[in-house]
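These notes concern the structure reproduced below.
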């Protein structure tokens with residue numbers, strides 16, 4: 001079973017890696033690169049919210065903080081763009097700790113509300129502190145991470161593959177198991193002697209690290225940073241990707257991010273329509289496809305493939321599937 | 001003096017929003033992220049009726065409140081009801097609705113800010129301060145509305161049913177209170193309160209697609225500070241926040257007043273998570 005997953009992943013990565021060879025043009029390659037960065041965010045969001053079932057409406061906070069601090073480092077202190085990546089990760093983790101400590105030790109909706117409020121107010125704060133942040137204009141004239149578009153595409157692909165691999169690995173580890181258990185029944189986890197708060201804050205910090213990482217990548221891809229990174233619309237797009245992909249599966253959101261970015265890019269000239277499509281997609285996913293589309297599709301394909309290849313006894317397959325399905 | 005009068009007006013708008021938000025949480029145990037959308041829908045409904053429909057101001061505003069209340073009931077019936085079993089799904093669906101409303105309004109009306117005419121013109125002198133009459137009216141109507149809500153919940157039969165559901169939904173259903181209908185009613189009420197805040201405040205603020213977001217975030221903050229589900233707590237916190245923001249805007253800088261609410265929330269969650277008047281059972 002595992003070998004099919006691995007084979008599928010290799011095939012997908014190989015296909016993505018081969019794409020630039022088809023000479024798709026700078027524009028399409030740029031959109032694809034954006035899709036890869038969204039993939040990092042969707043997987044990062046999914047790791048915390050998909051596994052523990054705690055909705056995070058303020059993911060933009062980590063993305064924006066990562067991007068702005070990476071941008072400050074590059075424009076003010078003229079550090080190397082590559083140095084921005086650890087800075088972005090660090091800032092994301094610290095922000096997650098600061099927000100998580102007061103809110104995640106509580107049950108109830110405090111985390112969701114506080115995250116939303118924090119990201120909205122942070123967006124305002126960026127406008128208030130326009131002397132340092134450039135206000136609406138944001139930070140401009142960042143150095144590119146690598147010169148050519150094709151090279152950047154491969155850098156983004158490498159980071160996405162690395163992030164997804166780490167997050168998938170973690171989600172199938174003991175940590176991932178505990179997080180899923182918290183989603184199921186928080187009180188029972190506590191009764192079993194697990195430090196629930198520790199795990200929740202830890203998973204938020206991991207999730208935020210990838211938000212910050214993606215933020216810095218995005219900043220050095222667009223060569224500018226704007227307050228929109230903090231916006232609800234940004235978080236909303238990522239949440240939709242995670243839902244369409246299939247919550248808690250990590251790989252589903254990644255695929256959904258790439259596909260949705262490509263698909264909705266066609267609507268770019270219409271601006272608001274694009275976000276309207278995301279909100280309607282989310283509503284549809286909530287009603288019609290509770291497990292998303294990508295993850296169940298892959299599970300079905302995998303079942304079909306393994307049935308064709310070897311006729312494993314039925315009970316054995318069933319016994320294994322709960323461990324691997326999300 | 002100005003701080004007191006204007007602070008009271010700000011507080012009253014916040015209170016209207018926060019009371020509706022906390023009411024739906026207290027009764028149906030859902031966090032309604034579409035609360036800001038109600039605020040925006042009311043503003044645009046009034047705008048359409050007045051500017052495109054040619055209605056006089058007062059009927060248009062009442063109609064806008066009614067339309068928003070019906071919209072609230074529809075949101076509850078169509079979207080929230082099938083997903084009520086999952087907290088996260090309800091959060092997501094209400095957020096999706098609020099985004100859809102915001103983006104829908106942007107598509108239909110473009111992003112420009114529009115304005116509503118005031119119900120009454122002119123200025124009134126209160127405590128030696130000249131205040132626009134509309135602001136004063138806002139304060140008065142808010143106090144009356146919240147008072148009426150309080151009486152409705154405490155004195156009427158329907159109010160008793162609402163209280164019963166908020167205390168123990170299962171027991172309430174056993175004695176024959178139709179929970180789903182009460183939830184829809186409360187959602188409508190909550191939407192009507194947000195709509196009233198919108199039509200009262202829009203003449204001196206403005207009508208634009210994203211108008212609901214910041215007031216809604218303020219409402220969250222107030223509700224957390226006051227204690228989730230507690231109406232008196234919300235009113236108290238609304239006053240605290242309203243006066244503090246006005247004071248900071250006057251004496252320090254208007255830009256910084258936005259940040260206070262969130263700072264207060266984090267301080268509150270760290271020190272006393274139940275809120276000023278909240279019960280500890282909420283978490």
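Can you name every residue in segment A:98-110 that is under 13 Å from residue A:48 (Cβ atoms) and touching a residue at least 60 places away in the same chain (Cβ under 8 Å)? Steps first, please.
To start, the set of residues in segment A:98-110 that are under 13 Å from residue A:48 (Cβ atoms) comprises A:99-100, A:103-104.
Within segment A:98-110, A:99, A:100, A:104 qualify.
Every residue, every condition in (1) without any contact (Cβ under 8 Å) to a residue 12 or more places away in the chain; (2) part of a helix (DSSP H, G or I); (3) within 19 Å of residue A:37 (Cα to Cα), yes or no:
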residue	(1), (2), (3)
A:119	no, yes, no
A:126	no, yes, no
A:153	no, yes, yes
A:162	yes, yes, yes
A:175	no, yes, no
A:189	yes, yes, no
A:200	no, yes, no
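Of B:57, B:41, which residue is more than 14 Å from chain A (Cβ to nearest Cβ) and within 22 Å of residue A:278 (Cβ to Cβ)? Step through it out loud before you land on a result.
On the way: B:57 fails: within 22 Å of residue A:278 (Cβ to Cβ).
Matching residue, one of B:57, B:41: B:41.
What residue, of B:114, B:84, is touching a strand residue (DSSP E or B) at 6+ places or on another chain (Cβ under 6 Å) and modelled with pLDDT under 90?
Values: B:84 fails: touching a strand residue (DSSP E or B) at 6+ places or on another chain (Cβ under 6 Å).
Answer to the selection: B:114.
Does at least one position in segment B:23-31 carry a residue that is touching a residue at least 40 places away in the same chain (Cβ under 8 Å), surrounded by fewer than 23 Cβ atoms within 10 Å (Cβ to Cβ) and closer than 28 Å to residue A:241 by Cβ?
Yes: one or more hits.
Of the residues B:210, B:198, only one is surrounded by fewer than 19 Cβ atoms within 10 Å (Cβ to Cβ) and within 23 Å of residue A:276 (Cβ to Cβ); which?
Only one candidate passes the filter, namely B:210.
Out of all the residues in segment B:139-152, is one or more surrounded by fewer than 13 Cβ atoms within 10 Å (Cβ to Cβ) and in contact with a strand residue (DSSP E or B) (Cβ under 6 Å, 6 or more places away or on another chain)?
No, segment B:139-152 has no match at all.
For segment B:80-125, which positions are assigned to a helix (DSSP H, G or I), within 19 Å of the chain's Cα centre (by Cα) and more than 9 Å from chain A (Cβ to nearest Cβ)?
Within segment B:80-125, B:80, B:90, B:94 qualify.
What helices (runs of 4 or more DSSP H), lying completely within segment B:152-270, carry at least 1 residues that are under 25 Å from residue B:118 (Cα atoms), at pLDDT 85 or above and more than 14 Å from the chain's Cα centre (by Cα)?
On the way: elements: B:157-167, B:169-174, B:179-201, B:213-226, B:231-251.
Per the criteria, B:231-251.
Is it true that residue B:235 is within 16 Å of residue B:23 (Cα to Cα) and within 11 Å of another protein chain (Cβ to nearest Cβ)? I'd like the intermediate steps shown before the answer.
Working: within 16 Å of residue B:23 (Cα to Cα): yes; within 11 Å of another protein chain (Cβ to nearest Cβ): no.
Answer is no for this residue.
In this structure, does residue A:88 turn out to be more than 10 Å from every other protein chain (Cβ to nearest Cβ), in contact with a strand residue (DSSP E or B) (Cβ under 7 Å, 6 or more places away or on another chain), surrounded by 24 or more Cβ atoms within 10 Å (Cβ to Cβ) and assigned to a helix (DSSP H, G or I)? Full working, then the answer.
Working: more than 10 Å from every other protein chain (Cβ to nearest Cβ): yes; in contact with a strand residue (DSSP E or B) (Cβ under 7 Å, 6 or more places away or on another chain): no; surrounded by 24 or more Cβ atoms within 10 Å (Cβ to Cβ): yes; assigned to a helix (DSSP H, G or I): yes.
So residue A:88 fails the test.
Considering only segment A:101-115, how many residues are buried (at least 24 other Cβ atoms within 10 Å of the Cβ) and more than 7 Å from every other protein chain (Cβ to nearest Cβ)?
Selection size over segment A:101-115: 3.
Select, from A:237, A:208, A:219, A:257, the only residue that is farther than 17 Å from residue A:61 by Cα and surrounded by 24 or more Cβ atoms within 10 Å (Cβ to Cβ).
Working: A:237 fails: farther than 17 Å from residue A:61 by Cα; A:208 fails: farther than 17 Å from residue A:61 by Cα; A:219 fails: farther than 17 Å from residue A:61 by Cα.
Selected residue: A:257, the only one of A:237, A:208, A:219, A:257 that is farther than 17 Å from residue A:61 by Cα and surrounded by 24 or more Cβ atoms within 10 Å (Cβ to Cβ).
Could you tell me which of the residues A:138, A:134 is touching a strand residue (DSSP E or B) at 6+ places or on another chain (Cβ under 7 Å) and either away from chain B (no Cβ under 14 Å) or within 15 Å of residue A:230 (Cα to Cα) (or both)? It would help to see each step written out before you state the result.
Details: A:134 fails: touching a strand residue (DSSP E or B) at 6+ places or on another chain (Cβ under 7 Å).
Result: A:138 is the single residue among A:138, A:134 that is touching a strand residue (DSSP E or B) at 6+ places or on another chain (Cβ under 7 Å) and either away from chain B (no Cβ under 14 Å) or within 15 Å of residue A:230 (Cα to Cα) (or both).
Can you name every one of the helices (runs of 4 or more DSSP H) wholly within segment A:204-296 that holds 2 or more residues which are more than 12 Å from chain B (Cβ to nearest Cβ)?
Numbers: elements: A:232-245, A:251-265, A:272-288.
The helices (runs of 4 or more DSSP H) meeting that bar are A:232-245, A:251-265.
Of the residues A:266, A:275, A:262, which single one is at pLDDT 85 or above and on the phi < 0 side of the Ramachandran plot? If you could, list the steps in order and put the result at the bottom.
Details: A:266 fails: at pLDDT 85 or above; A:275 fails: at pLDDT 85 or above.
The unique qualifying residue is A:262.
Just the residues that are farther than 30 Å from residue B:217 by Cα and surrounded by 14 or more Cβ atoms within 10 Å (Cβ to Cβ), please, taken from segment A:119-142. Before you say what the answer is, go through the steps one by one.
Our first condition is that a residue be farther than 30 Å from residue B:217 by Cα; within segment A:119-142, this holds for A:141-142.
A:142, the sole residue that qualifies.
Out of A:215, A:252, A:184, report the one residue that is at pLDDT 90 or above and under 19 Å from residue A:51 (Cα atoms).
Values: A:215 fails: under 19 Å from residue A:51 (Cα atoms); A:184 fails: at pLDDT 90 or above.
Unique residue meeting the criteria: A:252.
Looking at B:224, B:260, can you tell me which residue is within 29 Å of residue A:236 (Cα to Cα), free of Cβ contacts under 8 Å to residues at least 60 places away in the same chain and within 8 Å of chain A (Cβ to nearest Cβ)? Before the answer, list the steps.
Working: B:260 fails: within 8 Å of chain A (Cβ to nearest Cβ).
When all the criteria are applied, what remains is B:224.
The values are calculated or read from the model by the stated rules, or taken from the named source; none is laboratory data. These numbers come from a predicted model, not from an experiment. With ideal geometry, Cβ positions are generated from the backbone for all residues, glycine too; neighbour counts draw on all protein chains shown.
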